[in-house]
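Data block below; observations after.
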Amino acid sequence: MALQGVEQTILRDPALFYWILIPITIVMILTGMLRHYATVLMSSPPKPASTLAESRERLALLRGVNLRNHAAAVLPKESFEMRKSYLVTGFQNGTFLKDPANKGQPPANPMTDPAGMEAMMGMMKGNMMMMIPQTLIMSWINAFFSGFVILKLPFPLTIRFKSMLQSGVMTRDLDVRWVSSLSWYFLNLFGLQSVFGFILGSDNAANHMAQQMGSINPAAGANPFQPGQDPHKMYLNEAENLEVMEHFCILDGVEERVLRKYGSA
């Protein structure tokens with residue numbers, strides 16, 4: 001067992017750095033770039049609303065989200081309260097629904113809806129583009145580089161990092177700072193997002209974290225209602241969020257702040 005305060009050294013072939021660490025990193029970067037361009041080619045743009053009522057139904061929810069997230073910071077209290085009251089009343093009464101007669105009805109089965117089937121196929125394509133490359137890379141690493149210790153981190157770590165950094169070679173006596181080839185793959189999987197953002201831009205399909213944490217797109221052509229969701233329930237949830245929101249404006253007291261800062265100059 002390694003003694004406390006004693007630097008642990010391992011006789012390691014320096015060629016491991018060039019034949020394992022660098023190839024894994026390059027393959028991960030190239031795979032992310034290929035996944036990005038393949039996703040762009042396979043993805044279909046969101047369909048615009050076919051009717052005016054459907055467009056109003058989509059934009060009403062996005063309008064409530066924008067009011068809650070952005071507009072309150074610059075709107076006066078009277079303007080904010082007027083917009084808030086209008087949206088909350090409309091959300092609760094189902095005014096913005098494209099078919100108010102269906103308010104309270106269960107959502108349509110996405111398996112029988114052509115638009116729902118298309119959305120599910122798009123999600124399936126995205127999952128395939130994420131799972132297949134990662135499965136192939138993990139199989140490649142396990143077949144050729146399993147059991148190798150390739151580098152040592154220059155900073156100390158607690159024992160809790162041992163399972164994360166030494167996958168495949170974890171032993172009791174090995175210092176926690178040593179990194180295995182399989183763990184280097186996982187570190188690249190989560191640590192190359194800034195590299196993909198620099199090469200492909202911030203809105204890239206190689207960023208799997210952004211795909212998993214995808215949020216509502218405020219674009220006018222996007223549909224915030226996924227297949228199987230009830231728009232009226234989403235309206236009610238947004239109405240509750242607006243009701244509990246308190247007004248705040250960055251322009252409140254701006255005259256006093258300006259006079260306090262420049263009045264004595």
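In order along the range 241-251, the phi-based Karplus estimate (6.51 cos²θ - 1.76 cosθ + 1.60, θ = phi - 60°) of 3J(HN,Hα) comes to 5, 6, 5, 8, 7, 9, 6, 8, 10, 6, 8 Hz; Gly and Pro are listed as x. Backbone phi angles across the range 136-142, fed through the Karplus curve with coefficients 6.51, -1.76 and 1.60 (θ = phi - 60°), yield HN-Hα couplings of 5, 5, 5, 5, 5, 5, 5 Hz in residue order; Gly and Pro are listed as x. Ranked by the mean number of other Cβ atoms within 10 Å of their residues, highest first, the peptides 18-25, 129-136 come out as 18-25, 129-136. Compared with the alpha-carbon gap, the fully stretched path from Leu189 to Asn237 is longer by 13.7 nm at 0.36 nm per residue. Spacing of the modelled spin labels on Leu30 and Thr135, each 7 Å from Cα toward Cβ, amounts to 2.2 nm. Excluding same-chain neighbours fewer than eight residues apart, the lysines reachable from Lys152 by a Cα-Cα span under 29 Å are Lys162.
Bear in mind that the values in this text are calculations on the coordinates, not laboratory data. The model shown is predicted, which means the values in this text are computed figures rather than measured ones. Cβ coordinates were reconstructed from backbone atoms using ideal geometry, including for glycine residues, and neighbour counts include every protein chain displayed.
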